[in-house]
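Peer 1: Quick one: the structure is below, questions incoming.
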Number of protein chains: 2
Amino acid sequence: MQIQPDMDVLISEVGPRDGLQSVARTMPTADKLRWIDALHAAGVREIEVASFVPARLLPQMADAAEVVRHALTLPGLTVMALVPNRRGAEAALAAGVHKLTVPVSASAAHSLANVRKTREEMVEEVRAIAELRRALNPAVKLEAGISTAFGCTLQGEVAEDDVIRLAAQCIEAGADESGLSDTVGYAHPAQVRRLFRRLFAEIGDRAGAAHMHNTRGLGLANCLAAHDVGVRTFDASLGGLGGCPYAPGASGNVVTEDLVFMFEAMGVKTGIDLERLIAARAPLQAGLPGEPLYGMTPEAGLSRGFSQGVLHG
Amino acid sequence: MQIQPDMDVLISEVGPRDGLQSVARTMPTADKLRWIDALHAAGVREIEVASFVPARLLPQMADAAEVVRHALTLPGLTVMALVPNRRGAEAALAAGVHKLTVPVSASAAHSLANVRKTREEMVEEVRAIAELRRALNPAVKLEAGISTAFGCTLQGEVAEDDVIRLAAQCIEAGADESGLSDTVGYAHPAQVRRLFRRLFAEIGDRAGAAHMHNTRGLGLANCLAAHDVGVRTFDASLGGLGGCPYAPGASGNVVTEDLVFMFEAMGVKTGIDLERLIAARAPLQAGLPGEPLYGMTPEAGLSRGFSQGVLHG
């Protein structure tokens, strides 16, 4: 748990990684750094700043090490990177990240399509990364994000037993925590409650983040459902960056601004200043002119009398 | 309660009234009727089809009686109309509606601005309408919708005691049920749970619909919160019609399509066929060309393997 005394929940911003990964145009490094600075200035305390994958596969992430180096200069920030395998973890550890996240798909079909490995092979990859981390820098945290945990566009339904077993196997293999990701936007609140309850029952406080998408508009409802059953870390993306290529017009990740608004209105402290967070859209937009940004709160403005942690407290 | 054996919740479509009220252009009557027909064909069983207000104030509603007459021909449909006062109720009862809804604002400032009456005077209006209903057609249902129940753009915070007292006073004055409306999109899930719990404690099964807006993206999360504490009737608007003039780009009412998707995915039966519901956007769009429609589910499409009441059941 990265939660600090002045926070009830941890909002983990994934825009610079998950968001940018879905954007065709490469964002200039200088704009990425300004964007990350603005997120940090708003009080964001964990950012997934990059993924360490071959630059020829994802040119957007060619500057991963440089972005990490800059992010490390920001006080109090947990600098996180996605790594799909041991090689990526080596590069990320060399760059100095505080936390690694490894995507492990609960869908057999998605696992093969996404990383060309079976689920069992990915658990072994987690084990190898955990050993590498122990050898190189034991202070680094390691998360396994169980993707397609709520359904899969390739195979349809994903068995809940598979999800829970895989999460437990990743912990056994050396991950510090396992979170659940609604990679394709299929989750609904009843399922979110059921699956996270099972996750807590299985791995206790090793249960990690809820990573929800907003593909069918249920992102915030699913985060609320996860919070109801005890989840305290939530992935989100500024401006909802991260559209689904197969779902034109549908936004991808849960919008950070709306999520922070929801929690703060409820009196659940995020540690994030909402006005400054909305201001962080400017450098994002500057680096990706014309890219559509989502978010109802930035468009509507804060409600009259909204004062973080006070109104409706 | 209008809930039928094959439904766990009642979705009350308010687009033809609340939605159109915010649209500048007047929708041709023939298009309204096709839209209402399509909603009914999708399985919608309660529609707020019009408001009975002076045509000079709201030209959009000049055809209210004609719309009601047509809607009355649709089997199994509860035909509902908004009436702000006794005069409107007379016209609505003459047209033959099944259900009247009277907006009673919990915000003193909004009540004066909206209907030029104090809250106390509105309770007396409810009493007069209830007596009129008893005299003319006792079978007609009467709902008092407590508007600005979760906050007000004019006065800011609205005291929860005021909301609950007003709801009880409306029941005492003869209304069959009192619902709570987040007229301006200020509600958050913790508040929704707290206030509806208090409403149930105060007036029991006379507690009516949750009328949520999506101004800051919290519409579905608020409906989930209301459902959690026992609310079973939900107002919503096809395509989220009903924008907020003061919040450009922000959709207004909860989007019916997304709400139905959420409930059906959860196994909570709405009685509504989602594909047919999405098809009902066509006559709406035909009647209001160029008018922006919202809704993530229509844009993303149904999830693979989604089968109402089956998947994730």
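The values are calculated or read from the model by the stated rules, or taken from the named source; none is laboratory data. Quick caveat, the model's predicted, so the values are computed rather than measured. Here the Cβ positions follow ideal geometry from the backbone for every residue, glycine too, while neighbour counts run over all protein chains shown.
Peer 1: Sort out which residues of segment B:188-226 are more than 18 Å from residue B:10 (Cβ to Cβ), in contact (Cβ under 8 Å) with a residue 12 or more places away in the chain and small (Gly, Ala, Ser), and write them in order of number.
Peer 2: B:190, B:221
Peer 1: Quick check on segment A:173-184. Is at least one of its residues at positive phi and modelled with pLDDT of 95 or more?
Peer 2: Yes: one or more hits.
Peer 1: So, one more: Tell me whether segment B:22-30 contains one or more residues that are surrounded by 19 or more Cβ atoms within 10 Å (Cβ to Cβ) and touching a strand residue (DSSP E or B) at 6+ places or on another chain (Cβ under 9 Å).
Peer 2: Taking every residue of segment B:22-30 in turn, none turns out to be surrounded by 19 or more Cβ atoms within 10 Å (Cβ to Cβ) and touching a strand residue (DSSP E or B) at 6+ places or on another chain (Cβ under 9 Å).
Peer 1: Which members of segment A:5-29 meet the condition of being more than 14 Å from the chain's Cα centre (by Cα) and either free of Cβ contacts under 8 Å to residues at least 12 places away in the same chain or part of a strand (DSSP E or B) (or both)?
Peer 2: Correct list: A:5, A:24.
Peer 1: Which residues, taken from segment A:172-223, are under 22 Å from residue B:222 (Cβ atoms) and away from every other protein chain (no Cβ under 14 Å)?
Peer 2: The one that is under 22 Å from residue B:222 (Cβ atoms) and away from every other protein chain (no Cβ under 14 Å): A:196.
Peer 1: Only one residue in A:193, A:198, A:281 is touching a helix residue (DSSP H, G or I) at 6+ places or on another chain (Cβ under 7 Å), closer than 17 Å to residue A:177 by Cβ and among the basic types (Lys, Arg). Which one?
Peer 2: A:198
Peer 1: What about residue B:44, is it assigned to a loop (DSSP other than H, G, I, E, B), at pLDDT 95 or above and in contact with a Gly (Cβ under 9 Å, 6 or more places away or on another chain)?
Peer 2: yes
Peer 1: Quick check, is residue B:113 among the small types (Gly, Ala, Ser) and farther than 30 Å from residue B:264 by Cβ? Talk me through it step by step, then tell me what you get.
Peer 2: On the way: among the small types (Gly, Ala, Ser): yes; farther than 30 Å from residue B:264 by Cβ: yes.
Yes, satisfied.
Peer 1: Only one residue in A:151, A:145, A:156 is surrounded by 24 or more Cβ atoms within 10 Å (Cβ to Cβ), at pLDDT below 95 and either within 20 Å of residue A:91 (Cα to Cα) or within 14 Å of another protein chain (Cβ to nearest Cβ) (or both), so which one is that?
Peer 2: Answer to the check: A:151.
Peer 1: Please tell me if residue B:220 is farther than 25 Å from residue B:176 by Cα, touching a helix residue (DSSP H, G or I) at 6+ places or on another chain (Cβ under 8 Å) and modelled with pLDDT of 95 or more.
Peer 2: yes
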